[in-house]
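Only one structure is covered here, and it is reproduced in the block below.
The values are calculated or read from the model by the stated rules, or taken from the named source; none is laboratory data. Owing to the predicted nature of the structure, the values given are computational and were not obtained by experimental measurement. In this analysis, Cβ positions are derived from the backbone assuming ideal geometry, glycine residues included, and neighbour counts consider all displayed protein chains.
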Amino acid sequence: MISESLTFLSTEINKFLNQKLGVNTDARLVLGNIVKASEGESLANKVILSLINVEEDKVAKIRENFTKTPTSVIYKNPPVFVNIYILIAANMTLYADSLKMVAYIMQFFQSQNYFTPLTHPSLDSRIELINVDLFSLNFEQINHIWSTLGGKYLPSVMYKVRQLAVEDENTPELEGKLIETITTELSGKS
């Protein structure tokens with residue numbers, strides 16, 4: 001669901017940028033590896049959305065590996081809920097354009113940071129919710145991220161995308177019967 005979620009967000013941001021800047025046949029924001037920005041021309045004059053980190057959401061963790069029906073119990077491992085951190089960096093020729101693009105990205109998420117299949121029919125129906133929050137970094141964290149990425153700093157903003165469910169659709173389910181009666185036997189010695 002990570003790829004589907006980030007592809008959806010990229011599409012929605014591009015729609016927003018087209019509204020703000022006029023229709024452009026070439027996507028202004030691309031889903032890509034920020035490290036490649038300094039290596040090739042394909043990311044020149046683009047805004048780049050990159051996955052930076054994945055963490056398990058322990059608060060949303062479902063501990064039970066079963067569900068009850070009126071007639072049985074179904075055993076299946078629950079989905080893993082994750083939060084992902086995305087970095088959106090503007091790799092524009094003019095620095096002022098990079099700053100404008102970062103501002104537009106922030107406007108987009110300020111105006112809509114909550115996505116469901118009901119509010120956004122183009123969202124994959126297997127994704128129940130995407131909730132996006134600005135994630136502030138201090139100077140040391142910014143330095144570590146850009147050092148790890150091995151690239152030059154670009155005007156950027158980071159967001160935390162919350163509670164994506166990761167689940168294998170082909171996970172086998174095991175069905176068991178409910179306990180309907182309990183009997184006890186006492187054996188006594190005389």
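Points to keep in mind about this one:
- Of the residues making up segment 144-157, those that are surrounded by fewer than 17 Cβ atoms within 10 Å (Cβ to Cβ) and closer than 21 Å to residue 103 by Cα number 2.
- A count restricted to segment 74-104 and to residues that are part of a strand (DSSP E or B) and either more than 18 Å from residue 134 (Cβ to Cβ) or basic (Lys, Arg) (or both) stands at 6.
- Lone unmet requirement of (1) over 19 Å from the mean Cα position of the chain (by Cα); (2) of a type in the set (Ser, Thr, Tyr); (3) surrounded by 14 or more Cβ atoms within 10 Å (Cβ to Cβ) for residue 69: (3)
- Yes/no for residue 81 being at pLDDT below 95 and within 21 Å of residue 114 (Cβ to Cβ): yes
- Test result for residue 96, of a type in the set (Gly, Ala, Ser) and in contact with a helix residue (DSSP H, G or I) (Cβ under 7 Å, 6 or more places away or on another chain): no
- In segment 1-26, the qualifying residues are those that are of a type in the set (A, V, I, L, M) and over 17 Å from the mean Cα position of the chain (by Cα), and the one that is nearest to residue 129 (Cα to Cα) is 17.
- A single member of 134, 123 is of a type in the set (A, V, I, L, M) and within 17 Å of residue 53 (Cα to Cα), and it is 134.
- Matching residues in segment 114-143 - criterion: being over 25 Å from residue 81 (Cα atoms) and either touching a Ser or Thr at 6+ places or on another chain (Cβ under 6 Å) or surrounded by 10 or more Cβ atoms within 10 Å (Cβ to Cβ) (or both): 142, 143
Conditions (1) within 20 Å of residue 95 (Cβ to Cβ); (2) modelled with pLDDT under 90; (3) among the hydroxyl-bearing types (Ser, Thr, Tyr), marked per residue:
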{"position": "4", "(1), (2), (3)": "no, no, no"}
{"position": "13", "(1), (2), (3)": "no, no, no"}
{"position": "31", "(1), (2), (3)": "no, no, no"}
{"position": "42", "(1), (2), (3)": "no, yes, yes"}
{"position": "45", "(1), (2), (3)": "yes, no, no"}
{"position": "52", "(1), (2), (3)": "no, no, no"}
